[in-house]
Amino acid sequence: MKDILEEVKSFYNYIFTRGTEEEKERVDELFWRIEYNHMTKKENDILTAKITKEKIKKVILEMDNNETLGLNKISYKFYKTHFKETAEHLADILMNY
């Protein structure tokens with residue numbers, strides 16, 4: 001399997017860096033023929049739904065007090081204790097990340 005992956009990598013590296021214009025056009029034609037699965041409206045709505053304070057609270061309450069939300073090492077216990085003060089800020093951060 002590794003040999004196949006190396007061959008594919010070598011092929012595409014050649015096509016996209018040193019191939020002739022004709023070879024590059026053939027690759028473009030090939031990729032335009034591929035049918036991709038598209039996201040449904042329902043899937044898109046789920047992924048782009050507004051992050052609400054209620055959703056954040058649900059997640060925070062489910063987490064262990066000693067776990068942290070990120071690299072800042074602030075524990076979930078802190079967020080549980082100070083939810084009223086932090087919820088709006090968390091929602092803004094998560095929606096704009």
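Coordinate-derived values only; no laboratory data. These figures come from a predicted structure and were not determined experimentally. Cβ: placed from backbone, ideal geometry, glycine included. Neighbour counts: every protein chain shown.
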Checklist entry - When region 35-52 is examined, which residues are found to be hydroxyl-bearing (S, T, Y) and either in contact (Cβ under 8 Å) with a residue 40 or more places away in the chain or surrounded by 10 or more Cβ atoms within 10 Å (Cβ to Cβ) (or both)? => result T52
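Any residue at all in region 87-94 that's over 24 Å from the mean Cα position of the chain (by Cα), in a helix (DSSP H, G or I) and among the acidic types (D, E)? Please lay out each step first, then the result.
Of all residues in region 87-94, those over 24 Å from the mean Cα position of the chain (by Cα) come to none.
No, region 87-94 contains no residue that is over 24 Å from the mean Cα position of the chain (by Cα), in a helix (DSSP H, G or I) and among the acidic types (D, E).
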Next on the checklist: Among the residues that make up region 53-73, is at least one of them in a helix (DSSP H, G or I), surrounded by 10 or more Cβ atoms within 10 Å (Cβ to Cβ), of a type outside the set (G, A, S) and touching a residue at least 40 places away in the same chain (Cβ under 8 Å)?
Outcome noted: no
